[in-house]
Amino acid sequence: MKIKSSIKNYNYRQYILLAILLPVFSFAQDSYVTNSETEGSFELASASELPNIYIDSEDFKGVHYVAEDFTQDIERVTGRLPQLNTSVEINSETAVIIGTLGKSRLIDRLAGSGKLDVSGLTGKWETFTIQVVENPMPNVKKALVIAGSDKRGTIFGMYDVSEEIGVSPWYWWADVPAKKTENLYIKSGKYSDGSPKVKYRGIFINDEAPALAGWATENFGGFNSEFYEHVFELILRLKGNYLWPAMWGRAFYDDDPKNPIIANEYGVVIGTSHHEPLMRAHDEWRRYGEGEWNYNTNPKNLQQFWREGMERMGDNESVVTIGMRGDGDEPMSEGTAISLLESVVEDQRRIIAEVTGKPTEETPQVWALYKEVQDYYDQGMRVPDDVTLLLADDNWGNIRKLPNPEEEERAGGYGIYYHFDYVGGPRNYKWINTTQISRVWEQMNLAYQFGADRLWIVNVGDIKPMEFPTSFFLDYAWDPEKITAEDLPEYTRKWAEKQFGKEYAEETANILEKYTKYNSRRKPELLSAETYSITSYNEAERVLEDYSRIEEQAEEIYDEIPERYRDAFYQLVLFPVKASANLNRLYVATAKNRLYAKQGRAIANNYADEVEQYYQKDAELTEYYHNELADGKWNHMMSQNHIGYTYWQQPEEQSMPEVKKIEVPEEAAMGIAVEGSTNSWPTQAAKGQEAVLPMFDPYNDQSFYVDIFNKGQEDFKYKIKNKEDWIKLSSEKGKVDDQERVLVSVDWDKAPKGEHEVPLIIKGPGRTKVQVLAAIRNPSEEITGFVESNGYVAIPATKYSEKTSGDNEWQLVPNLGKTGSAMSSGKIKPGEEFSENNPSLNYDFFAFSSGEVEMEFTLSPSLDFLDRGGLRFAVSIDGKEPKILNLQEGTGDNWDTSVANNATVVKTNFNLESDGAHRLKVWAVDPGIVLQKILIKTEEIEDSYLGPPMSAKAE
């Protein structure tokens, strides 16, 4: 049955529909489970009551498996195990009745008698209802009924109750303890999550060596059915239904013949990755293949190989991958690829029909437009209409392509292949979680709006440590309309509450938001001593302070939280925070060692020692995770190498960054360094280059540092001569062992108006003397807006002065971006020409000079997903003619730079006709524009990774 007449019409309606409906749905809903009796509630457990659970013996095996889990979940919470019965005769006053419509005589009897409302189940996909039913059967006064429209519907219903009573989906995979209570009541009423909006929702286990592979081998002997049962349970508890199994050196069907049988019984749909056609793992070709993996030269052997895969699949519920890539996840040969691939698909579909004995279109199939395969599609290659087109991101969380709204809908629909983990250029990232759920929301929200809703799958690498974003991905896939951008902070808080309880939820959520933001600035594998500036804007110190702040919060919670939560808290929160903080400290210490050695600072050697300590600390954290955490349950899981990269692939062994130790003379010698410069005085600066601090102003009210450092072993005394009482120094004299940092600031109540320059004369041992200049600008005129300072105005995108309203307004996405939150162009209808009536954001700023200025717009690195020549936005100054800027064409950043920086910078120039107040206006033109920050440069400024901090705003 056709639900949508066309993607074009559907998407247009959906833009309008979402604008109307999104505010109506609320993620934060009251639980139907309570610990005290309410009117009409069902007593699931108490000191005096533990109802039996009834399930029809003829119901699905998977329903029986999960019913056993359900009884154990009740025991985990209450300490008491209910009795599970397979009789259809109920001989107790209260009962829990579980079953599948059309498969359970119990459920069908209740539906037939009118006792159970199944109007929301009949004919639905994966839908459940949870109802408290009065007098459902003779001699039964009250029952809790969990019924499903199909096998997974029933399973999801049980696991939904399990989660509501206090059993986390991560109870096994992250050791989250159940919430203990003696009393459980289900409130009177009917409860359901409806039908999932995305049909197939799952995970891809990839890049699994050495971490997951070592762990699975040690604990289960490999990737066998004992291992996969835990995976199946996790997917279903998260209300997913789909799996691409582990593939590197693994073969799901061949490694353990019970793997597919148990998957099918549970109801987990099995697929294979983008380069493993017709249910054959690629490693099986290494094991059993004859000849080359080349369809030009070896078609018969490949056809037989694939035919055996389809025969082995049998009736197992599957989504069959079609198409072909080169051997080892590589492109096929150029030139013949398209025509060859068309032949491959035609022959594969013939094999599917012959083996299944059914029309080909009755077997769900997917063609992954991954990497170069999307190029074939863009050049005109097509597959039959019933095949799902699996669109992909760029491996870094930026979707490459979405359905064209002008094309007719496909019977097979569209899906998305997304990444939380990746092996490849510009560098692997697979050690630790670096994913912001705000970016996942923004990109997958676009995907849903454009009709990519048949299949969502995410590469989760080794499963751990991607627990939090995996939860979000699958929760969001169930109903993208239910979780709005505004709901993201509450989603994080609620997730934290489910794992650790309400008392710690707020602080834990803040830590989760912050550490993923900090890690996404630049993934750990890409970090180096050069990443963050140790001289400009106090950047490196601010980064370390960010990490230290959340590390301290995490450690405080860990110390306070009940003992039974500590293993889970360590895995989900404390370890990623501590390990990430330590790694950043290592690289900042390396940067200081190298610069200070160059400047001749004696303290350079101390930083060399610190680097060694941080490197050892990294190993100690891993050792604890492997051997002490949860009694060694997770040995190998954190064994991905992450220090010592020299190109895209990880090093065979980790290696400490190179440091330099210097010979320090015995006699003391003074050196001076100032904020904003890598030079030092009196010897290193170029001739005529003075030591000058950045300029002070009353609006930004800065404090800048002067480092007085020792080049020798003996200590020395220093004194600073300051002729103005409105220049404040944290210290005017003292003794230096290794170095002393003196903070310079201004008493603005005393400072004169205008621009002034004050020399600070620093005297050290012998006749050493260095002059440092402190300059101020203290305007007398009235100032409004963000105030220029030291050659720039830096404005966060969310700090607009005015925003146009309406259905298509810019949307704030919390916590998205490198430094703050972001503004997304959201539901803009694609393909329309620019109009000044488009949604706009206005920013007021004040410049002290006129003439040409350079503007930099920092945006999320979104791709041209509609292939229209780039994503556009427009800007104007002071009402002048707007400039249309292009995210893809207006940047000097190539793709490697953008994804490594997790941002794309678009630059343009404007002429300010006068100094004073100005207004910048930014219009949305295309969907997918995500604006993080605006930088207006009136002169050259200091280099830094994050850019200057936010300018002060004068009201």
How many residues are without any contact (Cβ under 8 Å) to a residue 40 or more places away in the chain and assigned to a loop (DSSP other than H, G, I, E, B) when one looks only at segment 782-813? 6
State all residues of segment 161-176 that are surrounded by fewer than 20 Cβ atoms within 10 Å (Cβ to Cβ) and closer than 15 Å to Tyr32 by Cβ; if no residue qualifies, say none. Glu163, Glu164
Among the numbered criteria (1) surrounded by fewer than 22 Cβ atoms within 10 Å (Cβ to Cβ); (2) more than 26 Å from Tyr417 (Cα to Cα), which single criterion is violated by Ala213? (2)
Flagged in segment 722-772 as of a type in the set (A, V, I, L, M), within 18 Å of Met695 (Cβ to Cβ) and in contact (Cβ under 8 Å) with a residue 40 or more places away in the chain, in numbering order, are Ile727, Leu743, Val744, Val746, Ala751, Leu760, Val772
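Look through Thr819, Thr897, Thr908, Thr858 and report the one residue that is without any contact (Cβ under 8 Å) to a residue 12 or more places away in the chain and either assigned by TED's automatic domain parsing to the domain that holds Glu406 or under 31 Å from the mean Cα position of the chain (by Cα) (or both).
Details: Thr819 fails: without any contact (Cβ under 8 Å) to a residue 12 or more places away in the chain; Thr908 fails: without any contact (Cβ under 8 Å) to a residue 12 or more places away in the chain; Thr858 fails: without any contact (Cβ under 8 Å) to a residue 12 or more places away in the chain.
Of Thr819, Thr897, Thr908, Thr858, the one residue that is without any contact (Cβ under 8 Å) to a residue 12 or more places away in the chain and either assigned by TED's automatic domain parsing to the domain that holds Glu406 or under 31 Å from the mean Cα position of the chain (by Cα) (or both) is Thr897.
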Just one listed residue, out of Lys482, Lys430, is of a type in the set (Lys, Arg) and more than 30 Å from Pro651 (Cα to Cα), and it is Lys482
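Could you tell me whether any residue of segment 370-389 is of a type in the set (Phe, Trp, Tyr), outside the structural domain of Gln811 (by TED's automatic domain parsing), crowded, with 22+ Cβ neighbours inside 10 Å and touching a strand residue (DSSP E or B) at 6+ places or on another chain (Cβ under 7 Å)?
Restricting attention to segment 370-389, the residues satisfying the condition of being of a type in the set (Phe, Trp, Tyr) are 370, 376-377.
The next check asks that each one be outside the structural domain of Gln811 (by TED's automatic domain parsing); those that pass are 370, 376-377.
Okay, now just the ones that are also crowded, with 22+ Cβ neighbours inside 10 Å, so none.
The answer is no, given that none of the residues of segment 370-389 is of a type in the set (Phe, Trp, Tyr), outside the structural domain of Gln811 (by TED's automatic domain parsing), crowded, with 22+ Cβ neighbours inside 10 Å and touching a strand residue (DSSP E or B) at 6+ places or on another chain (Cβ under 7 Å).
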Among the listed residues Arg564, Arg594, identify the single one that is closer than 30 Å to Asp738 by Cα, of a type in the set (Lys, Arg) and at pLDDT 95 or above. Arg594
Please tell me if Arg286 is at pLDDT 95 or above, buried (at least 20 other Cβ atoms within 10 Å of the Cβ) and out of contact with any strand residue (DSSP E or B) (no Cβ under 8 Å at 6 or more places or on another chain). no
Within segment 739-758, residues being surrounded by fewer than 16 Cβ atoms within 10 Å (Cβ to Cβ) and under 23 Å from Asn538 (Cβ atoms) number 5
Surrounded by 14 or more Cβ atoms within 10 Å (Cβ to Cβ), in a strand (DSSP E or B) and small (Gly, Ala, Ser) - does that describe any residue in segment 663-672? yes
Kindly indicate whether Ser87 is surrounded by fewer than 15 Cβ atoms within 10 Å (Cβ to Cβ) and within 14 Å of Ile55 (Cβ to Cβ). yes
Going through segment 620-653 in order, the residues found to be of a type in the set (S, T, N, Q) and exposed (fewer than 11 other Cβ atoms within 10 Å of the Cβ) are Thr646
Could you check segment 67-85 and list, in sequence order, the residues that are touching a strand residue (DSSP E or B) at 6+ places or on another chain (Cβ under 6 Å) and either outside the structural domain of Gly153 (by TED's automatic domain parsing) or in a loop (DSSP other than H, G, I, E, B) (or both)? Pro82, Gln83
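Here's a check for you: in segment 33-66, which residue that is in contact (Cβ under 8 Å) with a residue 60 or more places away in the chain and part of a strand (DSSP E or B) is nearest to Glu134 (Cα to Cα)? Give the steps one after another, and end with the answer.
At the first step, the residues of segment 33-66 found to be in contact (Cβ under 8 Å) with a residue 60 or more places away in the chain are 33-47, 51, 59-63, 65-66.
Now drop any that are not part of a strand (DSSP E or B), which leaves 33-34, 42-45.
Values: Val33: 18, Thr34: 19, Phe42: 10, Glu43: 13, Leu44: 14, Ala45: 17 Å.
Selected residue: Phe42.
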Any chance segment 601-610 includes a residue that's without any contact (Cβ under 8 Å) to a residue 12 or more places away in the chain and outside the structural domain of Phe468 (by TED's automatic domain parsing)? yes
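Have a look at Phe575, Phe500 and point out the one that is of a type in the set (Phe, Trp, Tyr), under 28 Å from Asn635 (Cα atoms), touching a residue at least 40 places away in the same chain (Cβ under 8 Å) and in contact with a Ser or Thr (Cβ under 7 Å, 6 or more places away or on another chain). Lay out the reasoning, then the answer.
Numbers: Phe575 fails: in contact with a Ser or Thr (Cβ under 7 Å, 6 or more places away or on another chain).
Just a single option satisfies the conditions, and that option is Phe500.
Counting only residues that are over 23 Å from the mean Cα position of the chain (by Cα) and in a loop (DSSP other than H, G, I, E, B), how many does segment 867-887 have? Give the steps one after another, and end with the answer.
Going residue by residue through segment 867-887, those that are over 23 Å from the mean Cα position of the chain (by Cα) are 867-870, 872-886.
Checking which are in a loop (DSSP other than H, G, I, E, B) leaves us with 867-870, 878-882.
The number of residues fulfilling the criteria is 9.
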Among the residues of segment 898-918, is any buried (at least 20 other Cβ atoms within 10 Å of the Cβ), among the acidic types (Asp, Glu) and farther than 30 Å from Thr678 by Cα? no
Regarding Arg250, is this residue charged (D, E, K, R) and either surrounded by fewer than 24 Cβ atoms within 10 Å (Cβ to Cβ) or under 29 Å from Lys633 (Cα atoms) (or both)? yes
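Does segment 177-211 hold any residues that are of a type in the set (Asp, Glu) and outside any loop (DSSP other than H, G, I, E, B), and which are they?
Scanning segment 177-211 gives no hits.
Given the criteria within 20 Å of Ile828 (Cβ to Cβ), more than 11 Å from the chain's Cα centre (by Cα) and modelled with pLDDT of 95 or more, does Leu389 qualify?
Working: within 20 Å of Ile828 (Cβ to Cβ): no; more than 11 Å from the chain's Cα centre (by Cα): yes; modelled with pLDDT of 95 or more: yes.
Against the criterion (within 20 Å of Ile828 (Cβ to Cβ), more than 11 Å from the chain's Cα centre (by Cα) and modelled with pLDDT of 95 or more), Leu389 does not qualify.
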Note down all Cβ pairs under 6 Å where the first residue falls in segment 530-553 and is within 25 Å of Thr646 (Cβ to Cβ) and touching a residue at least 60 places away in the same chain (Cβ under 8 Å), the second is small (Gly, Ala, Ser) and part of a helix (DSSP H, G or I), and they're at least six residues apart or on different chains. Tyr532/Ala540; Ile534/Ala540; Ile534/Ala591
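Within segment 841-848, is even one residue under 17 Å from Ala874 (Cα atoms), in contact with an Asp or Glu (Cβ under 8 Å, 6 or more places away or on another chain) and not basic (Lys, Arg)?
Step one: of segment 841-848, the residues under 17 Å from Ala874 (Cα atoms) are 841-844.
This time we only want the ones that are in contact with an Asp or Glu (Cβ under 8 Å, 6 or more places away or on another chain), so: 841-842.
Filter again for not basic (Lys, Arg), leaving 841-842.
Yes, because at least one residue in segment 841-848 is under 17 Å from Ala874 (Cα atoms), in contact with an Asp or Glu (Cβ under 8 Å, 6 or more places away or on another chain) and not basic (Lys, Arg).
Could you go through segment 149-167 and let me know if any residue there is at pLDDT below 95 and on the phi > 0 side of the Ramachandran plot. I'd like the intermediate steps shown before the answer.
The first filter runs over segment 149-167 and keeps only residues at pLDDT below 95, leaving none.
No, because not a single residue in segment 149-167 is at pLDDT below 95 and on the phi > 0 side of the Ramachandran plot.
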Index of the failed condition, Ala900 passing every other in (1) at pLDDT 95 or above; (2) of a type in the set (Gly, Ala, Ser); (3) assigned to a loop (DSSP other than H, G, I, E, B): (3)
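Residue-wise test of (1) in a loop (DSSP other than H, G, I, E, B); (2) more than 30 Å from the chain's Cα centre (by Cα); (3) touching a residue at least 40 places away in the same chain (Cβ under 8 Å).
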{"residue": "Ala775", "(1), (2), (3)": "no, yes, yes"}
{"residue": "Gly831", "(1), (2), (3)": "yes, no, yes"}
{"residue": "Asn837", "(1), (2), (3)": "yes, yes, no"}
{"residue": "Leu841", "(1), (2), (3)": "no, no, yes"}
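The values are calculated or read from the model by the stated rules, or taken from the named source; none is laboratory data. Computed from a predicted model, the values in this text were never measured in an experiment. With ideal geometry, Cβ positions are generated from the backbone for all residues, glycine too; neighbour counts draw on all protein chains shown.
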